1. Would you confirm, using the coordinates I've provided, whether Val30 is in contact with a Gly (Cβ under 8 Å, 6 or more places away or on another chain) and surrounded by fewer than 15 Cβ atoms within 10 Å (Cβ to Cβ)?
2. Can you name every residue in the stretch 36-62 that is under 15 Å from Gly14 (Cβ atoms), part of a loop (DSSP other than H, G, I, E, B) and in contact (Cβ under 8 Å) with a residue 12 or more places away in the chain?
3. Considering only residues of the stretch 1-27 that are charged (D, E, K, R) and within 13 Å of the chain's Cα centre (by Cα), which is most open to solvent (accessible area, probe 1.4 Å)?
Amino acid sequence: MGARLGLLWAIAQGRTLLDLAFAWLLAHPVVPSVIAGATKPEQIDANVAAGAWVLTPAQKAEVDAIVEAG
């Protein structure tokens, strides 16, 4: 994904790039889970929070367009 476009899109949604990565991956039925590392407790909290965001179909379409644009 164009990281800058993805970051700008995520910020416009009031989210982080981590939130976007988790939500986008989990929006694909072929992705059974997201494996993320953490070395600090706050990173675990951030990962859990990121996994709670469910993209709407419109949001997923927007992100898909960003991904396809590369």
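The values are calculated or read from the model by the stated rules, or taken from the named source; none is laboratory data. Note that the coordinates shown come from a computational prediction; the quantities given were computed from them, not determined experimentally. Here the Cβ positions follow ideal geometry from the backbone for every residue, glycine too, while neighbour counts run over all protein chains shown. The protein model used for the area step is the full one, side chains on, heavy atoms only, and it has no ligands, DNA or RNA in it. Shrake-Rupley method; radii C 1.70, N 1.55, O 1.52, S 1.80 Å.
1. No; evaluated as a whole, the condition is false for this residue.
2. Of everything in the stretch 36-62, those that are under 15 Å from Gly14 (Cβ atoms), part of a loop (DSSP other than H, G, I, E, B) and in contact (Cβ under 8 Å) with a residue 12 or more places away in the chain turn out to be Trp53, Val54, Leu55.
3. Arg15
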